[in-house]
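First up is the structure itself, then whatever we jot down about it.
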Amino acid sequence: MSYAGEARGPAGSAGRARGSARARGPAPPGWAAPALDAVLGRAARTGAEVGDRFPLFADPATGAWTTTRRGSWTGGFWAGLLRLRARHTGAPRDRAAARAALERLAPWTGADTATRGLIFWYGTLFADEAADPADPDADAEELRAAAARACLDSFDPEPGVVPWGGAFGGPRLLARTDGVPGLVPLLASVDPEAAGSHLRVHARLCLGGRPPCWSWRYGAGTGWTPVGDPPPGWSRGPAWLLLAAAEAACHLPEAGLPDVLGALTPKELVPPADSARRDSPPDTSAAAVTAAALLLLGRREHAVAVLRELVEAHLTADGRLLDGCYDLAAGTAVRHELVWGTFFLAYALAMLTGLADPHRPPGAAPAAPPT
C-alpha cells in the first residue's frame, strides 16, 4: 500500500525537534510513519469539510462525514486528532484549529456524563505547553483541570463510581465500560483514590461473570444489576476497559489495580463487532483502541501486529480507516470510518513512531522519536 506524503511544518515545529533528538527504543516499522502522515493528512481535509462541526462517522464509499454540532461523547477525539496534527506539523493554523475545537467542547465540563473522560482527557492529551513558548496551550490545561474537578464532584461514594449520568437520556446510575477510559487518568489528577475505585468497580462488575456484562444499574438497597445493553459480545466493551486499565498502570501504579490483560485482549487482531453473531462485521475502532492500550502496557509486539493489520487491510491510501462498527444492533455506520477509530489509530502510530510518549504527562513537551 502506498501513501501520499505531506510536507513537515516550519522551523521550530516537532519536525525540527526530531532531527536533533537521540533515538529512543526500537525503530518503528517502515509503514508506521507513512500511515501516520496519511491519517493526519485526512484530518486536515476533514477539517476543511466539517468546519465548526464535529465529525462522527464517514461513508466508506464517498468519505462524506456525518457530523454533530456540539461534539457529543466523541468530540474530544476530534479535538485530540487536530492537536496531534498540530504537533506533527508545527503549523500555527493547525494549532489554532485544534484550540478552537477544544474551546467548543467547554460546555461539556458541566454535563452529567462519565464520558467527560473521553471528551477532556483525549481532547487535551496532546496539548504541549512547552512546544512553543509564544503560543502556549494554557487553556487546554485549565479546561482539563476544570473537567477533572467537575467529574470528582460527580463521584458517588456509595457505589464507588462516577455514574454514567443522564446527559444522553436513560437511567443515570449506570456503570458502563465506555465511561471508564479517560476518566481514570482525569480523576487521578485530582483524587487517585476515586480514580482507583471507579476502575476497580467497573472491572469487578464487567468481568465478574460469563459472559461479561458491560453495563450495570445501581439501586439503593438492591445494589448492582446487569443491564445487558451493550450485549456481551460487544467489541468495544473489553477494548475500553483494557485501555482504562492501561491508563491506570501509568497514572495509578501503586493502587493495587486488577490484572485484566488476559481477560480483555481479543484473540483476533481485528475483532468482530459482536462476537456472538456469526454475521458480524469487523470493528477496526475496537482494534485501534486495543493497540493504543497495548502500547501503554509495553506490549509492543502485539500492538505492532494489530496496527500492521489495520494499516495493510483497512486503511486507504488517503488515510481513511474503514470497517469500524458504530452500532450493529441499530444498523448505524457498520462498515464506516469512525472518528474515535481514527483517533486511536493515530495515537497508537504516534506512540510507535515517537511523536507521542506513552508515559508523558499531558502538557509536557513531546518525546523524541526513534531515528
Contour minus Cα-Cα distance for GLU312 and ASP59 (0.36 nm per residue): 89.1 nm
Percent of Cα-Cα distances greater than 20 Å, calculated over the range 204-360: 51 percent
Angle between the chain longest axis and helix 32-50 axis [Cα atoms, degrees, rounded to 10]: 80 degrees
Cα pair distances of the range 142-214 binned at 10 Å [whole percent]: 20, 53, 24, 3, 0
Positive-end residue of LEU102, ALA64, PHE77, charge dipole of the range 47-107 with Cβ unit charges: LEU102
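Using a 1.4 angstrom probe on heavy atoms only, work out the carbon and sulfur share of the accessible area of the range 53-211 in %. Don't skip to the end; give the middle numbers.
Numbers: 2970 of 5600 Å².
The value for the range 53-211 is 53 percent carbon and sulfur by accessible area.
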Relative contact order [Cα under 8 Å, 6+ residues apart], the chain, whole percent: 20 percent
Dipole-positive endmost among GLY165, VAL201, LEU243 within the chain (Cβ charges, Cα centre): LEU243
Gain in span if fully extended, ALA145 to GLU49, counting 0.36 nm per residue against the direct Cα distance: 31.5 nm
Net dipole in debye of the range 202-277 [+1 Lys, Arg Cβ; -1 Asp, Glu Cβ; about Cα centre; nearest 20]: 240 debye
The range 212-298 - Rg over Rh from alpha carbon coordinates, Kirkwood radius: 1.02
DSSP-assigned coil residues among chymotrypsin sites (Phe, Trp or Tyr not before Pro) in the range 172-257, each with at most 11 further Cβ atoms within 10 Å: none
Test item: Cα-centred dipole of the chain, Lys/Arg +1 and Asp/Glu -1 on Cβ, debye: 400 debye
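Using Stokes-Einstein with the Kirkwood hydrodynamic radius over Cα pairs, what translational diffusion coefficient do you get for the range 165-266 at 4 °C and a viscosity of 1.567 mPa s, in µm²/s rounded to a whole number?
94 µm²/s
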Principal-axis tilt of helix 300-313 within the chain, Cα atoms, nearest 10 degrees: 70 degrees
On Cα atoms only, tilt of 75-89 relative to the major axis of the chain in degrees: 20 degrees
Estimated FRET transfer efficiency (ALA96, THR225; beta-carbon r; R0 45 Å; 0.05): 0.40
Gyration tensor verdict on the range 275-329 (Cα atoms; rounded if a/c is under 1.5, prolate if a/b is larger than b/c, oblate otherwise): oblate
For the range 96-223, alpha-carbon Rg over 2.2 N^0.38 Å: 1.14
Global geometry of the range 187-246, whether rounded, prolate or oblate, following the gyration tensor of its Cα atoms and the 1.5 cut on a/c: oblate
Accessible area per residue in Å² at 1.4 Å probe, computed on the chain: 39 Å²
Viscosity 0.692 mPa s, 37 °C: Kirkwood-radius Stokes-Einstein D of the chain over Cα pairs, µm²/s: 161 µm²/s
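The values are calculated or read from the model by the stated rules, or taken from the named source; none is laboratory data. All values reported here derive from a predicted model rather than from experimental measurement. Cβ: placed from backbone, ideal geometry, glycine included. Neighbour counts: every protein chain shown. The protein model used for the area step is the full one, side chains on, heavy atoms only, and it has no ligands, DNA or RNA in it. Shrake-Rupley method; radii C 1.70, N 1.55, O 1.52, S 1.80 Å.
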